[in-house]
Amino acid sequence: MSVRVAMAEPPTTTPLEPAPAERDVLLATKLHVPRPRPGFVPRPRLLEQLSQGMASAMTLVCAPAGFGKTSLLAEWARRRPQPVVWLSLDRGDSDPARFWRYVAAALDQLRPGIAQQVAVLLRGPQQPPLEAVLTVVVNQLADVAEEVVLILDDYHLIDDPAVHGSLAVLLERLPPQLRLALASRADPSLPLARLRAGGQLSEVRERDLRFTATETAALLREATGLDLPADSVAALEARTEGWVAGLQLAALSLQGRADPAGFVATFSGSHRFVLDYLTEEILARQPEQVVRFLLETSVLERLSGPLCDAVCGRGDSQRLLEQIERANLFLIPLDEVRGWWRYHHLFADLLQARLQQEQPGR
């Protein structure tokens with residue numbers, strides 16, 4: 001007698017929800033203050049500026065890529081005698097639940113138990129209002145004896161309005177001893193104008209972060225082991241406009257060169273190290289429309305909305321220029337009314353090299 005076995009249909013695969021333990025795993029190294037990099041140059045004037053800024057509710061360190069924002073805040077955190085908690089952000093932290101679990105984990109080092117309370121709130125089948133999470137954070141820190149600073153690094157990677165809105169609420173209800181410090185490549189979507197007008201915002205900008213002649217000489221000496229002539233140091237400082245990444249890339253290229261002065265005389269944004277850095281960190285991250293505008297206007301020594309409209313044959317250049325300035329894309333204002341700008345020298349070199357390569361007819 002034959003027996004027929006009915007074969008079950010293979011189950012359809014559906015995405016599985018991560019197990020609770022998997023959802024609860026946080027990357028501990030995001031909570032560590034970064035170590036100083038080789039060739040690091042201390043900057044006492046900026047450390048003092050940060051310390052004085054702690055009288056405000058929030059300190060914003062905002063500048064384009066490569067201006068040493070993280071290094072500066074990390075050095076300040078290591079030297080500060082009062083408690084400092086650190087959180088390095090990434091793009092995944094734009095999820096509000098994940099963002100606040102990481103913030104709670106950072107603050108848990110100061111007030112044990114806060115991370116568990118926030119995790120319990122966020123672990124249920126339905127996410128609670130962020131108001132409940134903020135209430136836990138504020139209540140837990142309301143009676144902290146010492147002033148504590150929460151540093152959020154790379155805040156420009158956060159693009160969820162819910163995260164910005166919840167952080168704005170925290171700023172409105174900030175516990176007396178808590179201060180926030182944000183490092184960002186672009187102005188965050190927070191009520192900066194209101195904070196500034198109320199004296200609750202301390203700002204460290206590109207103009208503050210530019211290396212001085214003394215700092216430039218120290219960086220080059222530390223990186224190359226050479227005491228370059230003063231005119232070569234001054235030339236590099238002027239060419240890079242104090243941009244630390246540019247100085248570091250120049251120092252890397254100077255190593256082992258028989259004619260340092262000759263190299264300094266020809267250093268520009270079309271140098272392969274600088275070109276690669278600016279392309280990867282800046283241009284590759286921009287929408288095609290913005291890149292096209294940057295290339296087409298790179299031939300101008302000064303930029304204004306009407307002038308760029310005439311060059312590019314468009315009618316929205318003023319809006320784009322203001323957008324590029326807010327994004328800190330190496331656009332330097334020449335007045336206080338958003339009328340005229342210019343590109344950073346090395347960035348203009350890069351853009352002109354790309355324009356010549358891609359559109360030689362222009």
If one compares the long axis through the Cα atoms of helix 44-53 with the longest principal axis of the Cα atoms of the chain, the angle in degrees, nearest 10, works out at 50 degrees
Helix 317-326 versus the longest principal axis of the chain: what is the Cα-based angle in degrees, 0 to 90, to the nearest 10?
70 degrees
Can you tell me the 0 to 90 degree angle between the C-alpha axis of helix 230-240 and the longest principal axis of the chain, rounded to 10?
50 degrees
For the ranges 81-90, 246-255, 108-117, what's the packing order if you count other beta-carbon atoms within 10 Å of each residue, average per peptide, and put the highest first?
246-255, 81-90, 108-117
For the D160, V138 Cβ pair and Förster radius 30 Å, calculated FRET efficiency rounded to 0.05 is 0.90
Take every Cα-Cα distance within the range 213-267, group them into 10 Å bins from 0 onward, and report for each bin the whole-number percent of pairs it holds.
27, 68, 5
By counting other Cβ atoms within 10 Å of each Cβ, how are T135, T297, T29 ranked from fewest to most?
T29, T135, T297
Taking 0.36 nm per residue of sequence separation and subtracting the Cα-Cα distance, how much length would be gained by fully extending the chain between R79 and C312, in nm to one decimal?
78.9 nm
What does a probe at E322 reach in the range 260-288, counting residues whose amide N is under 16 Å from the point 7 Å along Cα→Cβ?
none
Between R342, R319, R185, which gets the highest mean-square fluctuation from a Gaussian network model of the chain, Cα cutoff 10 Å?
R319
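Can you give the Kirkwood hydrodynamic radius of the range 278-358 from its Cα pairs, in Å with one decimal?
The answer is 12.6 Å.
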Can you give me the relative contact order of the chain as a percent, contacts being Cα pairs under 8 Å and 6 or more apart?
17 percent
By how many nm would the segment from S189 to Q177 grow when fully extended, if each residue of separation counts as 0.36 nm and the alpha-carbon distance is taken off?
1.9 nm
What would the Debye formula give as log10 I(q)/I(0) at q = 0.15, 0.19, 0.23 Å⁻¹ for the alpha-carbon point model of the range 79-180, no solvent?
-0.57, -0.94, -1.40
In Å, the C-alpha Rg and Dmax of the chain are 24.7, 101
What does the charge count around C62 come to, taking other residues whose C-beta lies under 13 Å from its C-beta (Lys +1, Arg +1, Asp -1, Glu -1)?
-1
For Q359, what charge total do you get from the other residues with a beta carbon under 12 Å from its beta carbon, if Lys and Arg give +1 and Asp and Glu give -1?
+1
Given the Cα-Cα distance of A168 and L226 and 0.36 nm per residue of separation, how much length would full extension add, in nm?
16.1 nm
Pop the C-beta distance of T266 and E147 into the FRET formula with R0 = 51 Å and round what comes out to the nearest 0.05.
0.55
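Bear in mind that the values in this text are calculations on the coordinates, not laboratory data. Everything numeric in this text was worked out from a predicted model, so none of it was measured. Cβ atoms come from the backbone with ideal geometry, glycine included; neighbour counts cover every protein chain shown.
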